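Worksheet: the structure to be examined is printed underneath.
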Amino acid sequence: MKIAAFIVTLLACCLMFFIKREWKAAMLVMGAMTLTLVDIPGIPLHKANLLLQVAFLLSEWRYLPRHFKRLQSTPYLWIPLLIVSFSALLAALTSPYTSIKETIEYELLFKYFAIGYAFWAVKNEQSLKPILRISLYCLIVLTVFGVLNYIDKNAIFVNALTEGETTRYGDVALGDVYTESDRFRIQSMFRYAFDYGYICAAILLLHLHGWYRHLESKTEFIIAIACCSFGILTCGCRIVWVSAIFSFICYSMWVFQLNRNVIYGMIAVMLLILSYNTVPAVEEKVNQMTDIFVENSETGGSSIQLRMTQYMYVAIHAEGHEWLGLGKGYWEYMHTKDPESVRGLYGVESVILQTLLERGIIGLVLWAAFYTVIFLYLWRNRKRRKKLTGLGVSILSLYMVFSIGTGELGSVYPTMLLLGFVIKAIEYRRLKKLYRLLIRLKQIRSVSPS
């Protein structure tokens, strides 16, 4: 199984030099969906998704100047990238736990900059067809491994790709983490069940848009719904359920013409979702109901209370370092060196808490500014490209609820890819007009007397 994963990765990297750009985009999505655990030893940047991005950039080497010009003509894209670059470099310069080289590679080039690669890879909305096709095949593969995971009570793909690795909490294989757990979760092909549920929710939004825009058939859409629903439900993560429902409501309210009663109903559901994340009594009641679907599960204490405890410990740890935090990588380093000193943080299960702890108030403001600029771009174009901006807002809302509720985990990379596709599809008409104008100006110059 490991050899097969290596072959698929290397084959996808080689294909980058021979296939059209929209299929290159599909390869990047494939990597984000099925190759997150593939680690090929003996070569630089041995992780599959890093190799795919490098292969993409090398295959586009001749066209990079043109790509950068297009990027420069899209302020709502290069400004967020400038913000996140400044934030990452500031974090690296003020942290003793991570190097500038590591930050540039893993925080920028192979994470946030993926929004730019996706922007370069697609041409227009029709370019989503190959991505929909490949993502559907990936969903089927994910579901097959998910079903095997459910039957065997362990993730065979995860164990095969991480052979010899165990959890930090004991001598347990990474694919057996939930085998004896009261709340059994399906991991499929991911290290964390949360990531499996998240990618299914994100790809479901993509296929919802693809079906609505007649980019795929009804049969393909039904298969996508079945596979994604299986992943969302069996990952056993309530925050995934909440974020999936919230993002679907956002897409529906943004795109479809709804009557007043339906809108009121959706607003009521959104308020329930928000209260689930902010009111302990509401969360407790919802947890009691959802435990009906979880075998041998017992509802624990309110996670809102846990978040408040985490916030208190974050405030204690970061005292005197409120503005810039304790340094990027602080929690991981201290958890390895002295686990007892950070026990009260409980994994810092929210992007807001982790950012405040490691990057401080300034880091949190920059994080919020990055996503705010993208949202403002979608809002500005809502009337001109209603359906595409609806897809972008739903993906953004999915990420926000998920990351604030449980932390980013592996959600950023696929989110950047999908947002990059959306922004390019929105910009296509404007860029086409700009390109025609430039051609016309060149023709006028060529015929004018010297």
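The values are calculated or read from the model by the stated rules, or taken from the named source; none is laboratory data. As the structure is a computational prediction, the values presented were derived from the model and not from experiment. Please note: Cβ atoms are built from the backbone with ideal geometry, for glycine as well, and neighbour counts cover all protein chains shown. Quick note on the areas: whole protein, heavy atoms, side chains included, nothing else; ligands and nucleic acids left out. Shrake-Rupley method; radii C 1.70, N 1.55, O 1.52, S 1.80 Å.
Here are the numbers for the structure shown:
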{"item": "So LEU37, is it open to solvent by less than 60 Å² (accessible area, probe 1.4 Å) and in contact (Cβ under 8 Å) with a residue 24 or more places away in the chain", "result": "yes"}
{"item": "Per-region count, the stretch 55-77, residues closer than 14 Å to PHE113 by Cα and buried (at least 18 other Cβ atoms within 10 Å of the Cβ)", "result": "2"}
{"item": "Residue in the stretch 210-225 that is most open to solvent (accessible area, probe 1.4 Å), counting only those that are without any contact (Cβ under 8 Å) to a residue 40 or more places away in the chain and in a helix (DSSP H, G or I)", "result": "LYS218"}
{"item": "Residue count, the stretch 112-125 (criterion: at pLDDT 95 or above and either of a type outside the set (A, V, I, L, M) or surrounded by fewer than 20 Cβ atoms within 10 Å (Cβ to Cβ) (or both))", "result": "6"}
{"item": "Of residues in the stretch 411-450 being at pLDDT below 90 and among the hydroxyl-bearing types (Ser, Thr, Tyr), the one most open to solvent (accessible area, probe 1.4 Å)", "result": "SER450"}
{"item": "Unique match (being out of contact with any Lys or Arg (no Cβ under 7 Å at 6 or more places or on another chain) and not in a helix (DSSP H, G or I)) among ILE79, ILE115, ILE83, ILE43", "result": "ILE43"}
{"item": "CYS250 being of a type outside the set (Phe, Trp, Tyr), touching a Ser or Thr at 6+ places or on another chain (Cβ under 8 Å), buried (at least 19 other Cβ atoms within 10 Å of the Cβ) and modelled with pLDDT of 90 or more", "result": "yes"}
{"item": "Subset of the stretch 161-187 (residues that are out of contact with any strand residue (DSSP E or B) (no Cβ under 9 Å at 6 or more places or on another chain) and either modelled with pLDDT of 95 or more or among the hydrophobic types (A, V, I, L, M, F, W, C) (or both))", "result": "VAL177, PHE184, ILE186, GLN187"}
{"item": "All positions within the stretch 174-209 that are open to solvent by less than 30 Å² (accessible area, probe 1.4 Å), of a type in the set (A, V, I, L, M) and not in a loop (DSSP other than H, G, I, E, B)", "result": "LEU174, ALA193, ILE199, ALA201, ALA202, ILE203, LEU205, LEU206, LEU208"}
{"item": "Filtered residues of the stretch 143-166 (kept if under 23 Å from the mean Cα position of the chain (by Cα), surrounded by fewer than 19 Cβ atoms within 10 Å (Cβ to Cβ) and hydroxyl-bearing (Ser, Thr, Tyr))", "result": "THR162"}
{"item": "Hits in the stretch 26-80 (condition: within 24 Å of the chain's Cα centre (by Cα), β-branched (Val, Ile, Thr) and over 18 Å from ILE104 (Cβ atoms))", "result": "VAL29, THR34, THR36, VAL38, ILE40, THR74, ILE79"}
{"item": "Residues of the stretch 314-336 classified as part of a loop (DSSP other than H, G, I, E, B) and either aromatic (Phe, Trp, Tyr) or surrounded by 15 or more Cβ atoms within 10 Å (Cβ to Cβ) (or both), total", "result": "9"}
{"item": "Scope the stretch 367-410; condition on the phi > 0 side of the Ramachandran plot and open to solvent by 20 Å² or more (accessible area, probe 1.4 Å); matching residues", "result": "LEU409"}
